[in-house]
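A short write-up of the structure that comes next.
The values are calculated or read from the model by the stated rules, or taken from the named source; none is laboratory data. These numbers were taken from a predicted model, which means no experiment stands behind them. A quick note on method: Cβ atoms are made from the backbone with ideal geometry, for glycine too, and the neighbour counts reach across all protein chains shown.
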Amino acid sequence: MRDGIRMIDIHSHVVFGVDDGAKTEKDTRDLLEESYRQGVRTIIATPHRRRGMFETDIEIIRENFKRVEGIAAEVAEDLRVYLGSEVYYKEGEIEKIESGEYPRLAETDYVLVEFPYEMRYKEIHRALNKIILLGLTPVVAHVERYNDVDEKGVQELINMGAYIQVNAASVLKPKLIGDKHKHYKKRAKKYLDQELVHFIASDMHNMDSRRTFMKEAYDIIEKKYGPTIAYELFEKNQEKLLMNKII
């Protein structure tokens with residue numbers, strides 16, 4: 001990794017006690033410290049918003065996030081954290097996205113959206129179109145997980161106005177993380193090879209099975225695709241998102 005890189009992570013579960021990510025303030029601190037060590041300087045916390053599973057009251061999320069801000073300041077003066085959410089799309093969720101009940105990424109018009117892994121491509125396309133018609137900009141979370149989406153489908157989603165996020169763990173070689181979810185890695189490689197990805201993010205939940213791999217992923221992408229692409233995928237595009245600009 002070259003000097004001066006200040007990575008921005010737009011997908012993380014660092015707010016303690018609200019979903020399947022950090023459970024305690026110590027968990028939050030551990031995740032923030034490790035992220036900072038790896039070169040991340042800005043993190044958007046994206047608690048799950050999933051009807052029937054992750055329905056923590058938004059006021060509790062906001063209250064716990066205030067403590068996350070305090071922990072971040074203790075970790076490092078130049079570590080910034082923002083609030084967002086990862087919305088699990090179901091029929092009827094559009095109203096909550098539109099009203100702001102589900103926080104958008106860092107108070108921008110960008111919305112991080114995930115789908116059931118077996119959802120048909122045409123349903124994903126239809127859902128994203130509904131979000132775009134609200135004047136919002138969807139970011140498709142960990143696109144490599146959706147079984148009915150291929151390179152052609154990803155390109156169509158981009159053409160309609162969506163942006164694409166891949167998890168850092170899906171970039172790693174088996175020797176770094178094992179051969180789990182090999183099919184995710186194959187899809188991620190195809191999308192990266194064809195320049196169909198806008199963001200690499202950690203999707204970190206804990207320090208064990210779902211930790212952050214941002215530095216490892218950055219090093220791989222820098223070596224394979226060059227420093228310009230690495231800069232775009234880990235910092236430049238995210239900076240535009242934070243400024244609520246088109247990428």
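Check whether at least one residue in the range 85-94 is part of a loop (DSSP other than H, G, I, E, B), among the polar types (S, T, N, Q) and crowded, with 20+ Cβ neighbours inside 10 Å, and report yes or no. Yes: the range 85-94 contains one or more residues that are part of a loop (DSSP other than H, G, I, E, B), among the polar types (S, T, N, Q) and crowded, with 20+ Cβ neighbours inside 10 Å.
Results for (1) modelled with pLDDT of 95 or more; (2) surrounded by 21 or more Cβ atoms within 10 Å (Cβ to Cβ); (3) at negative phi; (4) of a type in the set (Gly, Ala, Ser), shown as yes or no for each residue.
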position	(1), (2), (3), (4)
LYS182	no, no, yes, no
ALA188	yes, yes, yes, yes
SER209	no, no, yes, yes
GLU216	yes, no, yes, no
TYR225	yes, no, yes, no
ILE229	yes, no, yes, no
ASN244	yes, no, no, no
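Evaluation of PHE199 against the conditions (1) at pLDDT 95 or above; (2) surrounded by fewer than 21 Cβ atoms within 10 Å (Cβ to Cβ) shows that the sole unmet condition is (2).
Within the range 180-203, the residues that satisfy the criterion of being in a helix (DSSP H, G or I) and not acidic (Asp, Glu) are LYS182, HIS183, TYR184, LYS185, LYS186, ARG187, ALA188, LYS189, LYS190, TYR191, LEU192.
Taking ASN206 as meeting all but one of (1) part of a helix (DSSP H, G or I); (2) in contact (Cβ under 8 Å) with a residue 60 or more places away in the chain, write down the number of the exception. The single condition ASN206 does not satisfy is (1). Filtered by the rule that a residue be surrounded by fewer than 23 Cβ atoms within 10 Å (Cβ to Cβ), touching a residue at least 40 places away in the same chain (Cβ under 8 Å) and of a type in the set (Ser, Thr, Tyr), the range 3-53 gives TYR36, THR42. Taking the range 211-242 as the range and being touching a residue at least 24 places away in the same chain (Cβ under 8 Å) and either in a loop (DSSP other than H, G, I, E, B) or of a type in the set (Ser, Thr, Tyr) (or both) as the test, the residues that pass are ARG211, THR212, PHE213, TYR218, TYR225, TYR231. All conditions but one from (1) assigned to a loop (DSSP other than H, G, I, E, B); (2) under 26 Å from THR137 (Cβ atoms) apply to LYS23; the one that does not is (2).
Using the structure shown, decide if ASN147 is over 15 Å from the mean Cα position of the chain (by Cα), at positive phi and surrounded by fewer than 19 Cβ atoms within 10 Å (Cβ to Cβ). Judged against the criteria, ASN147 is not a match. GLY70 passes every criterion in (1) assigned to a helix (DSSP H, G or I); (2) crowded, with 18+ Cβ neighbours inside 10 Å apart from (2).
For the range 95-113: of the residues being free of Cβ contacts under 8 Å to residues at least 24 places away in the same chain and either in a helix (DSSP H, G or I) or touching a helix residue (DSSP H, G or I) at 6+ places or on another chain (Cβ under 6 Å) (or both), which is surrounded by the fewest Cβ atoms within 10 Å (Cβ to Cβ)? This residue is SER99. Tallying residues that are charged (D, E, K, R), touching a helix residue (DSSP H, G or I) at 6+ places or on another chain (Cβ under 7 Å) and not in a helix (DSSP H, G or I) within the range 134-152 yields 1.
Would you check which residues across the range 114-133 are assigned to a loop (DSSP other than H, G, I, E, B) and exposed (fewer than 15 other Cβ atoms within 10 Å of the Cβ) and list them? PRO116, TYR117, GLU118, ARG120 - these are the residues of the range 114-133 that are assigned to a loop (DSSP other than H, G, I, E, B) and exposed (fewer than 15 other Cβ atoms within 10 Å of the Cβ).
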